[in-house]
Amino acid sequence: MKHTHSLFASSFVALLLGMGSLTTPAYAQFVKAEDAIKYRKSAFSLMGTHFGRVAAMANGRAPYDAKAAADNAALAETMSHLPWVAFADGSDKGETKAKPEIWSDKARFAESAEKLQAELVKLNLAARVGTLEALKPAVSSVAGTCKNCHDNFRQQ
Ligand code: ASC
């Protein structure tokens, strides 16, 4: 009987938690706005580092290494899924270059985020071809996508 009761109680708690995740805004995943800012900056920083290593090969600043290109492209692609949830409501103020347009034009920002993710999937495919010739145009597309989003959504 006691067991049945505690089972009921834990189901009830789980239900409440489930409801909470439906009704609380995304920023609840971060305790404070500055945590969200730190998180998204970290994700962008790692994405930039790993993409930068691929770009260096494509631009002749580093020797071409097919495995390193594929490994770094995969890491950049993984990172590309992370920052977006951290543009939480209320995290527009603080140590951030994020423009207000991120929150006032969420649809366009989301479109840019999806575009980047798609371009990084293409970069991964290109990196796995195993030639510098395949890598170059994909790197160029990703860099253009980074720049476009920075122009629209990041302060100088
Ligand atoms: C990079 C990087 C960016 C973009 C951008 C392209 O390697 O870290 O933010 O490319 O410079 O213009």
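A few points about this structure:
- Test: residue in region 99-108 that is in contact with a helix residue (DSSP H, G or I) (Cβ under 8 Å, 6 or more places away or on another chain), surrounded by fewer than 15 Cβ atoms within 10 Å (Cβ to Cβ) and closer than 26 Å to residue 70 by Cβ: no
- In this structure, residue 119 qualifies as open to solvent by less than 40 Å² (accessible area, probe 1.4 Å), over 20 Å from residue 99 (Cα atoms), of a type in the set (D, E, K, R) and in a helix (DSSP H, G or I).
- Counting only residues that are basic (Lys, Arg), touching a helix residue (DSSP H, G or I) at 6+ places or on another chain (Cβ under 6 Å) and more than 12 Å from the ligand (Cβ to nearest atom), region 35-54 holds 1 of them.
- Residue pairs meeting the criteria (Cβ under 7 Å; at least 6 apart or on separate chains; first modelled with pLDDT under 95, in region 134-145; second more than 13 Å from the ligand (Cβ to nearest atom) and in a helix (DSSP H, G or I)): none
- Against the test of being under 20 Å from residue 38 (Cα atoms), open to solvent by 60 Å² or more (accessible area, probe 1.4 Å) and either assigned to a loop (DSSP other than H, G, I, E, B) or among the charged types (D, E, K, R) (or both), the options 136, 93 yield a single qualifying residue, 93.
The values are calculated or read from the model by the stated rules, or taken from the named source; none is laboratory data. This structure is a prediction, so every number in the text was calculated from the model and none was measured. All Cβ positions, glycine included, derive from the backbone under ideal geometry; neighbour counts span all protein chains shown. Side chains are part of the model used for accessible areas, which takes the heavy atoms of the whole protein and leaves out ligands, DNA and RNA. Shrake-Rupley method; radii C 1.70, N 1.55, O 1.52, S 1.80 Å.
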